[in-house]
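Below is one structure, written out as structure tokens, with a few remarks after it.
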Amino acid sequence: MIRFNIREIGGLSQELKMRILCFFLLASLLCFFLSCASYEIVESPVDKNSEKFLDLIRYIVTPQEENIFREMPPEDRHEFVAEFWKRRDPDPETVDNEFRNIYYTRIARANRAFKAGIPGWMTDRGRIYVLLGPPTDVIKKSMGDATLDLQKGLRELSTDMLEQGTRTERPTEIWVYNQYPDYFSGPLRLVFVDYYSTGDYKLNTDVTVRPFNMMTHIMSDPDMIHYQRIGEIEEDESSPRILPFLDYSKALGRLEEDGKENYTIECFFEIPLGTLHFRKENEKYVYDIELSVKVENIETKSTFEQKKEIKKSLSLEDLRTGINDRHSLNEVISVPLEKGANNIYFSLRDNIRQRRLRKLETIRIK
């Protein structure tokens, strides 16, 4: 580093002293930037099969799950698919996954029933059918006509609420669900309108419909983000638990260069404490994780891997505070890189739960 003290210069005007100072400041900045090489992040396109899977589960995948899936290396995504359906299986002891079977059956039926220039399951009626299943009652109103009452024997609501006999300016369907009185504070009434007479009925009811009825008790949290609950930590190890997603955030630091085209970069992990699994040991709660960063240069095929093992015990009070306040572990691993394109594989392994999650970042050193 260049060090310079303007007081050491004598016999010069103040203006000249300032010019000399500016020169040395600029020289220092130039040396600094020369030591920091630049890189660009290369966006890896998601393959067609992965995009098709995300498209099919669009109504039930959480934002957190989708982010995890997109950040995973392509060769790891089959593990995510298996875990995705496993988390939703209401009876893991059986061969069939009832949740998955019902979901795909509803998509197939919606495709046949609600085609309107786009696949039937992608229309508003198709989406509601997939999420809530068949309605208790359907009321159809043709444009300018009186109500056409369908499945009258199944209806349990008053005719006043259904507005029987009224006229409509557009083809309209009213779907009534009596199955969820607690969730919707009574019967749910959804109005679909075919504004352009194309057969594509748009939902005209201001209501948020979540796939709550297609989730097991394991997926019952209101915000669908699952942190391990303290009460379950103290239960017997053999009892069922609500397990959180194994997840973390990753980031890359500044790329350093020594002037001889030798590069290093810092890789940052931010791991929410609530995503880890704990083992009770002598009145303490232990987490045991392994972090690693593997670098693969795409052109030269050279590889490098750096690992870090972390094992720590917490009191129940500290663990309770850490999870409830959503504290995170922050770790960094520095790795060497080569010029060109580099795949950087971040990896977190929970040794207690015997689970691993890898994420991929691809960068190109200019």
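The values are calculated or read from the model by the stated rules, or taken from the named source; none is laboratory data. Remember, it's a predicted structure, so these values are computed and weren't measured experimentally. We place every Cβ from the backbone using ideal geometry, glycine too, and count neighbours over all the protein chains shown.
Would you call VAL61 surrounded by 14 or more Cβ atoms within 10 Å (Cβ to Cβ), β-branched (Val, Ile, Thr), assigned by TED's automatic domain parsing to the domain that holds GLU173 and in contact (Cβ under 8 Å) with a residue 12 or more places away in the chain?
Values: surrounded by 14 or more Cβ atoms within 10 Å (Cβ to Cβ): yes; β-branched (Val, Ile, Thr): yes; assigned by TED's automatic domain parsing to the domain that holds GLU173: no; in contact (Cβ under 8 Å) with a residue 12 or more places away in the chain: yes.
No: the conditions fail for VAL61.
Looking at TYR104, TYR129, which is the one that is modelled with pLDDT of 85 or more, surrounded by fewer than 19 Cβ atoms within 10 Å (Cβ to Cβ) and hydroxyl-bearing (Ser, Thr, Tyr)?
Values: TYR129 fails: surrounded by fewer than 19 Cβ atoms within 10 Å (Cβ to Cβ).
Result of the check over TYR104, TYR129: TYR104.
Okay, residues lined up against (1) within 17 Å of VAL286 (Cα to Cα); (2) touching a Ser or Thr at 6+ places or on another chain (Cβ under 8 Å):
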site	(1), (2)
VAL332	no, no
GLU338	no, yes
ASN343	no, yes
LEU348	yes, no
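Condition first: under 23 Å from ASP194 (Cβ atoms), among the polar types (S, T, N, Q) and assigned to a helix (DSSP H, G or I). Now tell me which residues in region 90-123 satisfy that.
ASN111
To keep it simple, each residue is scored yes or no on (1) within 26 Å of the chain's Cα centre (by Cα); (2) at positive phi.
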residue	(1), (2)
GLU283	no, yes
SER302	no, no
GLU305	no, no
ASN324	yes, no
VAL332	yes, no
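Take the conditions without any contact (Cβ under 8 Å) to a residue 24 or more places away in the chain, within 30 Å of VAL191 (Cβ to Cβ), surrounded by fewer than 16 Cβ atoms within 10 Å (Cβ to Cβ) and more than 20 Å from the chain's Cα centre (by Cα) and apply them to PRO92. Does it pass?
Numbers: without any contact (Cβ under 8 Å) to a residue 24 or more places away in the chain: yes; within 30 Å of VAL191 (Cβ to Cβ): no; surrounded by fewer than 16 Cβ atoms within 10 Å (Cβ to Cβ): yes; more than 20 Å from the chain's Cα centre (by Cα): yes.
So PRO92 does not fit the description; no.
For every residue, the table says whether it meets (1) among the small types (Gly, Ala, Ser); (2) part of a loop (DSSP other than H, G, I, E, B); (3) modelled with pLDDT of 75 or more.
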| residue | (1), (2), (3) |
| --- | --- |
| ASP160 | no, no, no |
| THR166 | no, yes, no |
| ILE174 | no, no, yes |
| TYR183 | no, no, no |
| THR198 | no, yes, yes |
| VAL207 | no, yes, yes |
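Residue by residue through region 264-306, note down the ones that are part of a strand (DSSP E or B), surrounded by 18 or more Cβ atoms within 10 Å (Cβ to Cβ) and in contact with a Pro (Cβ under 9 Å, 6 or more places away or on another chain).
ILE265, PRO272, VAL295
How many residues are farther than 25 Å from VAL209 by Cβ and part of a helix (DSSP H, G or I) if we restrict to region 47-69?
3
Let me spell it out: the conditions are (1) polar (S, T, N, Q); (2) in contact (Cβ under 8 Å) with a residue 40 or more places away in the chain; (3) surrounded by fewer than 18 Cβ atoms within 10 Å (Cβ to Cβ), and SER315 meets all of them except one. Which number is the exception?
(2)
Going by what's in this entry, would VAL332 be described as at pLDDT 95 or above, surrounded by 15 or more Cβ atoms within 10 Å (Cβ to Cβ) and either among the small types (Gly, Ala, Ser) or part of a strand (DSSP E or B) (or both)? Working first, answer last.
Details: at pLDDT 95 or above: yes; surrounded by 15 or more Cβ atoms within 10 Å (Cβ to Cβ): no; either among the small types (Gly, Ala, Ser) or part of a strand (DSSP E or B) (or both): yes.
Judged against the criteria, VAL332 is not a match.
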